[in-house]
Amino acid sequence: MRKKLLAAASFMALLITACSGNSGTNSTASQEAKTSDTSAPAESQETGWAPKEDIEFIVGNSAGGGADLFTREVVSIIDQYDMCPVNITVVNKPGSSHVVGYTYLLDHGDDYHLDVTSASFFTQPVSGNSPFQFEDFSYVAMLCKDPNLVFAAPNAGFSDFDSMIQYAKDNPGAVSVAGSSAYSDDAILCNMLQESCGLELNYVTYESGADVLAAVMGGHVQLGILNPAEVGDNIAAGNVTPIVVSAEKRVNMEGMENVPTFKEAGVDIEHEQPRGFVMSSAASPEAVSYYAELLGKVAETPEWKEYLEEQCMEEDIYLGADWETQAKDHYVSIYTDYVGRILESTK
């Protein structure tokens with residue numbers, strides 16, 4: 001776990017009261033939380049800026065998806081702790097793998113619109129499917145990493161990593177892998193798996209994670225790649241078989257106790273989706289600083305830590321300029337490399 005803080009002074013230095021009144025809840029736990037240091041300052045400790053208009057958190061896919069649920073959890077915690085003096089609304093702008101959402105963000109270009117990042121933030125520009133560049137955005141915060149699970153249909157012909165590899169080698173091109181788009185983390189992980197293990201896999205795209213899961217459960221494909229939390233209930237019910245997880249450590253979930261990471265399985269693969277927020281590059285530095293502090297406070301709450309555990313996500317926090325450095329120096333390089341390989345393989 002790494003915390004990269006914007007301000008030189010610690011966020012623990014000041015205890016500032018809630019900025020927009022009592023939320024109306026009477027529970028003891030909530031009242032204790034509101035008086036703790038998780039309460040965010042009414043204005044940025046670094047710049048003194050505070051929002052005076054309502055705010056929109058934009059999600060570039062439909063309600064109920066991973067990015068949407070992630071964003072709504074952030075906003076819910078901000079509301080619970082009265083961290084912000086104005087209203088925050090989650091606005092869904094689905095279309096073109098988040099490009100519609102980023103278009104909406106940049107068209108506003110102000111201090112009151114933020115957009116959640118997903119793999120498409122990195123893959124769409126480098127694949128040529130987005131008119132935007134990474135310099136068009138201001139980087140507010142990265143809060144965590146989202147792992148990927150490779151799972152199998154009950155009738156796939158294999159039930160663990162070693163038997164899956166052997167089956168794929170014995171049947172080149174016969175194993176189909178379901179993923180959510182051509183340039184998603186699913187596609188990148190499938191590409192990594194082929195290159196690292198010398199396999200020939202057939203990657204098949206579906207409209208959504210729900211469609212991926214249905215395709216695997218229905219036996220239309222042998223393998224699927226999704227976030228572990230998206231598959232969890234069906235693992236516990238025995239509807240699918242978890243094979244391997246792309247993460248630093250094993251996933252703490254029912255039915256996943258014996259599922260290895262790639263590195264435990266002897267394969268040098270580790271790829272997790274970064275989840276965070278950006279604004280337009282036209283946003284003021286003062287506003288970016290304010291939201292970085294705000295999201296840093298969200299990450300300190302027990303509710304957020306509980307959410308990460310439930311969703312099998314790993315805390316990994318970068319704020320402001322540190323998030324920009326991590327995004328451009330680390331994630332852009334990774335996604336550019338593998339999207340390039342995917343494009344080359346389709347020629």
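The values are calculated or read from the model by the stated rules, or taken from the named source; none is laboratory data. No experiment lies behind these values; they were computed from the predicted model shown. FYI the Cβ positions are ideal-geometry reconstructions off the backbone, even for glycines, and counts take in every protein chain you see.
Selection over the range 330-347 of residues that are farther than 9 Å from residue 188 by Cβ, touching a residue at least 40 places away in the same chain (Cβ under 8 Å) and surrounded by 12 or more Cβ atoms within 10 Å (Cβ to Cβ) gives a count of 5. Restricting attention to the range 225-249, which residues are exposed (fewer than 15 other Cβ atoms within 10 Å of the Cβ) and either assigned to a loop (DSSP other than H, G, I, E, B) or at positive phi (or both)? 237, 238, 248, 249 - these are the residues of the range 225-249 that are exposed (fewer than 15 other Cβ atoms within 10 Å of the Cβ) and either assigned to a loop (DSSP other than H, G, I, E, B) or at positive phi (or both).
Please tell me if residue 307 is within 15 Å of the chain's Cα centre (by Cα) and modelled with pLDDT of 95 or more. The answer is yes for residue 307. Would you confirm, using the coordinates I've provided, whether residue 283 is assigned by TED's automatic domain parsing to the domain that holds residue 75 and in a loop (DSSP other than H, G, I, E, B)? So residue 283 fits the description; yes.
For the range 75-100, a residue qualifies if it is modelled with pLDDT of 95 or more and small (Gly, Ala, Ser), and exactly one does: 76. Residues that are surrounded by fewer than 17 Cβ atoms within 10 Å (Cβ to Cβ) and either at pLDDT below 80 or in contact with a Lys or Arg (Cβ under 8 Å, 6 or more places away or on another chain) (or both) within the range 48-63 are absent altogether. A single entry from 168, 119, 187, 182 fulfils the requirement of being modelled with pLDDT under 95, more than 30 Å from residue 291 (Cα to Cα) and buried (at least 19 other Cβ atoms within 10 Å of the Cβ): 187.
Each row is one residue, and each column tells you yes or no for (1) in a loop (DSSP other than H, G, I, E, B); (2) under 19 Å from residue 65 (Cα atoms); (3) assigned by TED's automatic domain parsing to the domain that holds residue 68.
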{"position": "124", "(1), (2), (3)": "no, yes, yes"}
{"position": "131", "(1), (2), (3)": "yes, no, yes"}
{"position": "154", "(1), (2), (3)": "yes, no, no"}
{"position": "212", "(1), (2), (3)": "no, yes, no"}
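Residue 72 meets the conditions (1) surrounded by 17 or more Cβ atoms within 10 Å (Cβ to Cβ); (2) not in a loop (DSSP other than H, G, I, E, B) in every case but one. The failed one is (1). Before we move on, is residue 95 under 21 Å from residue 179 (Cα atoms) and outside any strand (DSSP E or B)? So residue 95 fits the description; yes. Do you know which residues across the range 136-150 are under 24 Å from residue 341 (Cβ atoms) and either part of a loop (DSSP other than H, G, I, E, B) or over 18 Å from the mean Cα position of the chain (by Cα) (or both)? Within the range 136-150, just 147 meets the criteria. Looking at the range 129-165 only, could you name the residues that are farther than 28 Å from residue 312 by Cβ, surrounded by fewer than 17 Cβ atoms within 10 Å (Cβ to Cβ) and of a type outside the set (Asp, Glu)? Within the range 129-165, 129, 131, 132, 133 meet the criteria.
The single condition from (1) among the hydroxyl-bearing types (Ser, Thr, Tyr); (2) surrounded by 19 or more Cβ atoms within 10 Å (Cβ to Cβ); (3) at pLDDT 95 or above that residue 112 fails is (2). The sole residue among 126, 177, 100 that is of a type in the set (Val, Ile, Thr) and buried (at least 24 other Cβ atoms within 10 Å of the Cβ) is 177.
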